[in-house]
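Report on one structure; see the data block that follows.
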Amino acid sequence: MKQHYFHLSGMGCAACARKIETVLLNVSGVAECHVNFSADLAMVRCDHRYTDVAQLQRAVRSSGYEARAIANPLAEPEEEEKAIRQAKERELQRKLIFGAIASTFLVIGGLPMMTGLQLSWIPPQLHHPVLQWIITTPVLFWVGQSFFTSTFKGLQHRSADMNTLVALGTGSAYFYSIFPTLFPEFFRDRGLSPDVYYEAAAVVITLVLLGRMLEGRARKQTSESIRQLLGLQAKTARVVRRGREVDIPIEAVEVGDRVMVRPGEKMPVDGIVVEGHSTVDEAMVTGESLPVEKQAGDEVIGATLNQTGSLTFEATRIGQDTVLAQIIQFVRQAQGSKAEIQSFADRVTGWFVPVVITIAIATFIIWVATTGNWTIATISMVGVLVVACPCALGLATPASIMVGTGKGAEYGILIKEARSLELTHRIQTIILDKTGTLTEGKPTVTNYATVAGIGDGNEINLLRAIAAVENRSEHPLAAAVVRYARSQGVTLPLPTVEGFEAVVGKGVRGVVLDDVGAGFPRPESPRPYIVGTQAWFAELGIVTDVIAKGGLSLERARSQWEGEGKTVIWIAIDGQVEGILALADALKPSSAQVVRTLEKMGLEVAMLTGDNPKTADAIAREAGISRVFARLRPEQKAEIVRQLQWEGGAKNNRRIVAMVGDGINDAPALAQADVGIALGTGTDVAIAASDLTLIRGDLRGLVAAIQLSRATMGNIRSNLFFAFIYNVAGIPIAAGILYPVFGWLLNPAIAGAAMAMSSVSVVMNALRLRRFQPRID
């Protein structure tokens, strides 16, 4: 079995991806096939004893598309491929401009026929049928070429989709209009008006193509954002070769190479530390906001940032095997395998098209057989086709989606695709990432205690001194201490510090020259301050089991705070403990309220994180979440999402799961979820992998998104009711069911007007969504 990747061209919708999958799976020897519509990629696993690349490409070509074999699906597109894409985009823009201009002229020219009024401001030449025929022909067969090509290919494979409806509706209107254009007297002699419907054909083609272009732009933006992941990795690596340090391209690194990384540099590849000690920012992978200490024997991950010390590590994973490359691969695989939710209108096209054609043909045959009147038979048949034109059916979903997405933008909800908004109302389980989603995403001082006690002013003086020492450090915890001191009233300038020293993984120390304040006796000489871990204090012989004023045991406070998942740092002056601080990633003010509201809406809420279980449990308790998954890598997060989707065991019990996150490490889980929701304050890659983006970074937008989806889907259902009632009532009338009783036959012009009224009713109903307002309890 071998695995091949192909870049696909010619796909216009998700139905195209399913069609290609079906064709490839029917090729002998193909065991597995996944087509990623978002990335225009196909993955095929096949037995080479029965098939090869050329045969697979021929199969794709037979279905109306093109497939180009590629070696690395993660690589940047070649310049030739980029040029081809840009050329197709320019051609599509030209077609749309031409179609829009032509449709405008045709609609203005068709107003006298549609309204029955003689409008003097419209030049008579503009509504001449021959001129309209000339203008419409290139719109139909050049601008709308893809619809007819896809329909022809679909008929070869006995399938029908929205392309078939568009081709059928516009084609019937166009070809029927040719007859009264060439033989108007034929109609007049029989008391009929030689009406034409060129404008209907041109407008439908133009509007549907506009939707395709907007969808294509969204998919292109998604793919380009995902490829930005590759820009995170280092371009070169410093390795030891033959006893010398040399800089080589990252592609030249081999497993087993010794790689050296200095402070401020990125890890080129994955590996195991063999020498050195440092702290590494792994937030992009693990989601932890605090740096992680690294020493001999610890694992390092490519593209993470080395901060304080130099490291030498042995390369263990390179190229497509690195964690970063796997994240990209997980995102694309999850996108390709994601359940595709189509609108109801798309699902019924499989039977709607053949039923309409059958009714039209039956209408013609019955009228000819019973009356022998070919004119009545033809008009009735065309009336069925015109009245069944999928305008209202096609507008039912897009009209509501257009208003719903616009309303979402008012509340800071960016909706990538219509199907994302459609699926959101069915969510049963919501998974929230911890860092940056439920929490602020940066360390914050949450507790502070001093030996002298709190409330007599001494704690401010102590804060002022340690802020001066920490201000010399670049560590994130030091920055948090300085921010806390400022928030408590410590003003600039800070005291002068001499002899500053930062001990990696332990803390900082320095001599504060002017730390005198209320409650502090003036020292005979400047005093050394030490701020750091309890383990470091033990090494220095500083006793931490101190009873503070009021009977508070700092050791018991430390134990309690660490039990809540917080990081505790100690403060000493002249070798004597003076206080402790606790730091944690604080919960956002709205998080607990959002969780309560979601549960009231009948949704299950869970939390997952790359953080340690203690911290995760503490945050979950504070937010009111009972189900927690901790210490997870990106691929493990995606696996948890997959497990929750299939919780229950049976296929009909599959749960609809949403994932909310903001980091690169959340991207695989966001893509795996049925609905991925990213915070706009997060990374571009997380946003690219998601379906919805809360651009304000506020979780209250999550509640608004779900409520908006529910309101939109209710609106869509009522729209579909209007559209189908119109078809159910209109098709029999157009077929002439009222003629034997009332002698009344539906004129195609009236059928066209009825079609327009159904579309108006759908749009007016969709506009009711403008009154939507979210509710947060």
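The numbers here are math on the coordinates, done by the rules we state, and not lab data. Quick caveat: nothing in here was measured; it's all calculated off a predicted structure. We place every Cβ from the backbone using ideal geometry, glycine too, and count neighbours over all the protein chains shown.
Output the peptides 46-53, 718-725, 578-585 sorted from most to least packed, where packing is the average of other Cβ atoms within 10 Å over each peptide's residues. Before the final figure, lay out each step's value.
Working: 46-53: 14.1, 718-725: 18.6, 578-585: 23.9.
Output ranking for 46-53, 718-725, 578-585: 578-585, 718-725, 46-53.
For residue 691, enumerate residues with amide H under 5 Å from its amide H, sequence gap 5+ or separate chain, H modeled in the peptide plane.
Under 5 Å from the amide H of residue 691: 676, 677, 678.
If you bin the C-alpha pair distances of the range 705-746 every 10 Å from 0, what whole percents do you get?
Per 10 Å bin, starting at 0, the Cα pair percentages come out as 27, 28, 20, 15, 9, 1.
Compactness ratio of the range 462-608: Cα Rg over 2.2 N^0.38 Å, N = residue count?
With N residues counted in the range 462-608, Rg over 2.2 N^0.38 Å equals 1.26.
Can you give the alpha-carbon Rg of the range 418-478 over 2.2 N^0.38 Å, where N counts its residues?
The value comes to 2.02.
When ranked by the protection proxy of mean other Cβ atoms within 10 Å per residue, highest first, what sequence do the peptides 18-26, 466-474 form?
Those peptides, ordered most packed to least, come out 466-474, 18-26.
Could you give the semi-axes, largest first, of the ellipsoid that matches the range 562-625, computed as the square roots of 5 times the alpha carbon gyration tensor eigenvalues and rounded to whole Å? List each step's numbers first, then the result.
Values: eigenvalues 228, 27, 10 Å².
The answer is 34, 12, 7 Å, longest axis first.
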